[in-house]
Structures are given as C-alpha cells and as structure tokens.
1. So which residues in the range 96-146 are within 22 Å of N72 (Cβ to Cβ) and among the charged types (D, E, K, R)?
2. Can you name every residue in the range 129-151 that is assigned to a loop (DSSP other than H, G, I, E, B), in contact (Cβ under 8 Å) with a residue 40 or more places away in the chain and either aliphatic (A, V, I, L, M) or not assigned by TED's automatic domain parsing to the domain that holds V12 (or both)?
3. From the list I154, I112, which one is at pLDDT 90 or above and not in a strand (DSSP E or B)?
4. Given the conditions (1) assigned by TED's automatic domain parsing to the domain that holds I252; (2) of a type outside the set (A, V, I, L, M, F, W, C); (3) more than 17 Å from I255 (Cβ to Cβ), report the number of the one that N219 does not fulfil.
5. Where residues in the range 41-68 are more than 10 Å from the ligand (Cβ to nearest atom) and crowded, with 19+ Cβ neighbours inside 10 Å, which of them is nearest to L166 (Cα to Cα)?
6. Please state which one of V232, V176, V263, V221 is farther than 22 Å from L314 by Cα and touching a Leu at 6+ places or on another chain (Cβ under 9 Å).
7. Given the condition within 19 Å of E184 (Cα to Cα) and in contact with a Phe, Trp or Tyr (Cβ under 7 Å, 6 or more places away or on another chain), answer yes or no: does some residue in the range 271-280 qualify?
8. Among the residues in the range 85-104, are any within 28 Å of K35 (Cα to Cα), at pLDDT 90 or above and in the same structural domain as F31 (by TED's automatic domain parsing)?
Amino acid sequence: MQFDSIVGQDRVKDYLTNSVKKDNLTHGYIFEGPKNIGKLEMAKIFAQLILCKNSKEKPCEKCSSCIKTNANSHPDIHILKLDENSIKRKDIDELQNSIYIKPYESKKKIYIIDDSHKMTVQAANTFLKTLEEPPEDTIIIMITINKDLLLDTIVSRCQIINFEMLGHKEVEKILVQEYNIDSEKSKLLAGYSKGNVYKALKILDGEDKTLEYRDEIVNIVDKIFEDGKRAVFDYEKYFNSGKDNIDEILDILLIWFRDILFVKENISDMIINKDKLEVLEKQSKGKNSIRLAEIYDIIQKTYDDFNKNVNYNLIIDNMLLKIQEV
Ligand SMILES: [Zn+2]
C-alpha cells in the first residue's frame with residue numbers, strides 16, 4: 001500500500017516518510033485523531049515502509065516484506081484490534097512473551113494497537129514496561145481518538161502524531177475531483193462530513209445514517225412549527241432514544257437551522273441542504289431572522305451543556321420549546 005491511498009494528511013505522511021529516510025524512528029507512536037480518517041491505514045503503510053527491503057522513501061511493493069505486509073501475513077507486524085472487547089489475559093501473555101523475542105525476519109518488530117484507549121490497565125502496563133525499557137527492535141504504534149484516554153506515563157514516552165480534519169471546502173473539492181461526485185451532492189456530503197472524506201463517502205453509500213437522521217429531524221422541526229408545544233412533548237421520546245447519537249443529531253439541527261437562515265437571507269451558495277430547498281423555504285416563511293439566529297445559538301448551547309453533563313431531558317425540552325416559540 002502507498003501513502004497516496006489515504007486522503008489528505010500530507011503533514012503526517014511527510015513526517016513519517018522522513019523519519020524512515022533519516023533513520024530517526026522512536027519506540028512509541030500515538031496516532032491521534034477522529035474516527036475513520038485513515039489512522040490504521042497510515043500505521044500499516046508506515047510499518048510496511050519501515051520493513052521494506054528495497055526503499056526508504058515509499059514501499060516498493062515487490063520485496064518479500066512488502067508482499068507479506070499486503071497479504072496481512074508479515075510475522076513481524078502485529079495488529080491488535082480492540083473494537084469488540086479489550087484484550088484478554090491470554091493475548092497479553094502472548095504479547096509479553098513475543099515483545100522480547102527478536103524479529104523473525106526483519107530489523108524491526110512492529111505492534112499496531114487500534115482503539116488503544118480500550119486497552120485494559122493490564123495490557124497498558126505491558127506496553128508501558130516495553131516503552132520504559134524498549135527492546136532495540138520494537139516499535140509500538142497506538143491508535144486513538146484521544147490521547148488523554150491513555151495513561152500519562154505512556155503518552156509521555158511516545159511521539160504524538162496528530163491527524164487533522166479537513167475543511168468542508170477541501171472535502172467538497174476532493175469529492176468532486178477525485179470521486180466525480182456532482183458539486184451539489186458534494187457540498188451536502190462535505191457539510192455533514194465533519195471534515196472527514198471517509199465519513200462523506202459512508203454517508204453517500206448509506207452506511208452512515210446521517211441523511212436518514214436528517215430526514216427525521218426535518219420532519220420533527222416541521223411538526224414543531226405546525227403543532228407547537230404539543231409536538232414538543234411528542235418528540236421528547238425521539239430525543240431520549242437518540243441519546244447515544246445526540247452529538248450527531250444536534251449537529252444536523254445546527255446545519256439545518258443555519259440553512260433556514262441562509263434561505264431567509266438569500267445567501268443561496270452557502271446552503272448545504274440544497275436537495276431540501278422547498279422544505280427550507282416553507283420553514284423559513286414567516287420566521288424572523290433574529291429569532292432564527294437565536295435558535296442557532298440555543299442549539300449550540302445545548303451542545304455545550306450536553307458535554308457538561310447538565311440534565312439531559314431538561315436541556316432537550318428547553319431547546320425544543322425555544323424552537324416552537326420562533
Ligand atoms: Zn518493499
């Protein structure tokens with residue numbers, strides 16, 4: 001695999017390539033950044049480059065090491081996925097033993113730990129011990145959404161590699177240029193992508209339910225505008241069952257109300273939900289721009305309150321009541 005197969009993250013690619021070129025590798029890396037942004041792929045390609053027998057600039061794809069890496073069968077690359085459960089005792093024992101054994105056929109032995117914040121304390125301590133007295137030939141790459149979820153003592157011994165989100169405009173450009181998606185659709189997908197091309201593509205193929213949620217939310221706003229308070233109490237249930245996705249839901253609400261405001265103000269090139277223009281026009285009718293801007297602030301505040309652990313039902317009720325007053 002090549003770094004080119006990952007969208008964006010040029011700074012990370014340059015940094016990792018240079019470290020290999022200059023033989024400037026450390027024993028521990030933390031790849032930190034949002035979900036689905038290519039961290040695991042980056043770690044695999046980095047490992048492939050480190051072990052490639054022909055090149056220090058890009059994996060040659062031809063040597064025995066590259067071939068095994070691509071087939072996921074390299075004996076010196078260990079990938080631990082923690083997405084289902086944390087690692088079990090047996091795995092840790094195996095790890096503890098293997099970490100001090102020489103690499104089978106390469107100069108280095110590489111451990112990639114996906115979702116490393118889900119490690120048990122026991123597993124974390126195994127890695128910590130390794131990082132404290134690293135065997136010359138071992139490299140550990142820990143992948144996480146947030147390094148603050150890892151032990152401080154681990155973080156302080158690792159090189160932190162930050163993965164950046166892209167701007168919406170950049171995502172939009174990539175979707176148009178590299179995926180041949182038409183510009184209106186690209187704008188919609190980019191608007192909901194959170195700066196993540198992979199999320200945009202998942203929304204497109206339906207694996208990500210953002211657009212389904214959006215349609216539900218648009219209906220709810222419709223009903224609240226039509227039926228007032230009565231509808232608010234009907235929809236408490238919806239928000240209660242959506243508790244786990246509340247960040248997502250509030251995001252969609254924010255984008256939606258911003259669009260209503262753009263329609264009201266005739267700023268059409270900023271509208272993300274162009275496919276729902278009719279509904280936006282209907283909902284903006286008779287509304288006051290200042291009040292709409294207030295709603296935008298209230299949703300934003302709900303977002304913040306939610307992260308501060310304020311009573312969930314209370315803040316949701318409060319937000320919905322304000323929406324119906326508009
Ligand atoms: Zn190679």
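The values are calculated or read from the model by the stated rules, or taken from the named source; none is laboratory data. Since we're looking at a predicted model, the values are computed, not measured. Methodologically, a virtual Cβ is constructed for each residue, glycine included, from the backbone with ideal geometry; neighbour enumeration extends over all protein chains shown.
1. K102, E105, K107, K108, K109, D114, D115, K118, D137
2. Within the range 129-151, I145, L150 meet the criteria.
3. One residue alone meets the criteria, I154.
4. Every listed condition holds for N219 apart from (3).
5. Filtering the range 41-68 for residues that are more than 10 Å from the ligand (Cβ to nearest atom) and crowded, with 19+ Cβ neighbours inside 10 Å, the one nearest to L166 (Cα to Cα) comes out as M42.
6. Sole residue among the options that is farther than 22 Å from L314 by Cα and touching a Leu at 6+ places or on another chain (Cβ under 9 Å): V263.
7. The answer is yes, given that some residue of the range 271-280 is within 19 Å of E184 (Cα to Cα) and in contact with a Phe, Trp or Tyr (Cβ under 7 Å, 6 or more places away or on another chain).
8. No - not one qualifying residue is present in the range 85-104.
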